[in-house]
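Derivation of every value follows stated rules applied to the coordinates shown; laboratory data play no part. Small disclaimer: the values here were computed from a predicted structure and weren't measured. Ideal geometry is used to build each Cβ from the backbone, glycine not excepted, and the neighbour counts take in all protein chains shown.
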Amino acid sequence: MYLLPRAGSAKDGGSTSVAPPTAQSTDSDRGSHSIETLKFDLAQDTLDSMKGSSILDQFQKDGFVVLENFLTEDEVKELRQAGEALATDMPDSVPKGQFSTVDNLPQNKDRYFLESGDKIRYFLETGAVGTDGKLTIEKRRALNKVGHALHWLHPKFKEITFSNKIKEVCFKLGMEEPAIAQSMYIYKNPGVGSEVCAHQDATFLYTEPMKLVGLWFPLDDATLQNGCLKFAPGSHGSGVHRRYVRKNDPDSEELVGYTSPAPMYPQSNFVPVPVAKGSCVLIHGQVVHQSDPNRSSEPRHAYTFHVIDKKNSVYSPENWLQPTEELPFPLLFDN
């Protein structure tokens with residue numbers, strides 16, 4: 001499967017223009033591609049003063065929106081300290097999984113991963129674990145992520161996730177009964193933070209019809225060097241390309257897996273989107289995005305969670321992550 005250029009791009013005779021740089025981005029950060037992307041700056045306006053139609057129009061056009069200065073400096077500091085504490089205080093006795101989007105997908109066979117939706121669990125970079133199963137680097141640098149119920153079980157992440165400004169954003173996107181499906185703290189540590197291959201979030205958290213939004217908060221400036229997000233603008237209009245589902249085959253070693261091989265996405269369709277820490281990037285469930293390994297000496301920590309709209313939408317019982325009796329997907333507007 002190939003991802004086609006979006007309508008209005010330079011490839012089909014349309015026009016392109018350069019996006020304004022963020023605080024820490026340069027021409028080299030932006031790479032050889034550029035896109036006109038409307039960035040809403042909450043340092044100059046409030047969510048209340050912004051037209052909901054403007055955010056929604058941009059979201060529907062490109063499949064993502066950048067809200068700059070969404071978190072305060074104190075909120076960024078507190079979330080980052082909470083993420084650092086999770087790593088520093090991680091007991092050696094706590095079970096840990098490995099996570100990768102490109103290397104043999106160790107999580108496919110791991111019940112620790114499959115049953116993490118209502119827990120706080122630790123997932124290591126595959127490159128940080130030796131053939132003997134022992135860490136090859138210090139544990140605080142070895143983490144790929146911690147997930148998947150930080151939004152409910154950790155007070156600091158819960159406070160941000162259920163804050164009024166998150167509710168306002170979801171309202172402006174037209175969500176009527178938003179519920180939080182899962183959350184993650186992603187470390188992307190320098191030198192070991194791995195690639196996230198091109199994907200759609202709907203592959204993992206499918207709803208019918210599609211009502212899924214990711215909210216991604218960089219807690220360090222995200223640049224081309226440390227692995228900022230890259231998007232294929234407009235790709236959310238091409239449907240869901242494959243699914244990642246639970247397997248019910250007793251003869252299979254894998255508990256979860258993809259329903260089809262990985263699509264082939266031309267790299268020329270992707271544009272890097274460097275953003276300053278404290279921004280909020282809204283991600284349509286069907287937009288194709290990716291990030292490169294962190295090859296820099298700087299970290300790229302981020303907090304992210306996904307919201308589904310339960311109004312007139314069904315969350316697939318085949319999805320790898322399922323609500324539980326202990327933690328049904330909590331409704332945003334009721335908490």
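Please state the shape class of segment 164-261: rounded when a/c is under 1.5, otherwise prolate if a/b exceeds b/c and oblate if not, all from the C-alpha gyration tensor.
Details: a/c = 1.72, a/b = 1.13, b/c = 1.53.
Taking the square roots of the gyration eigenvalues as a ≥ b ≥ c, segment 164-261 is oblate.
Less than 5 angstrom separates the built amide H of Asn144 from those of Phe123, Leu124, Glu125, all sequence-distant by 5 or more or on a different chain. Computed over segment 41-315, the Cα gyration tensor eigenvalues convert (square root of 5λ each) into semi-axes of 28, 23, 19 Å, ordered from largest to smallest.
Each residue of segment 216-225 was assigned a 3J(HN,Hα) from its phi angle through the Karplus expression (A = 6.51, B = -1.76, C = 1.60, θ = phi - 60°), giving 10, 10, x, 9, 10, 4, 9, 10, 5, 6 Hz with x at Gly and Pro. Segment 231-272 and segment 200-216 have their alpha-carbon centroids 12 Å apart.
Along the axis of the charge dipole computed for segment 41-315 (Cβ charges of +1 for Lys and Arg, -1 for Asp and Glu, origin at the Cα centre), the listed residues Ser313, Asn248, Asn226 are led at the positive end by Asn248. Residue order for Cys280, Cys228, Cys197, fewest other beta carbons within 10 angstrom first, comes to Cys197, Cys280, Cys228.
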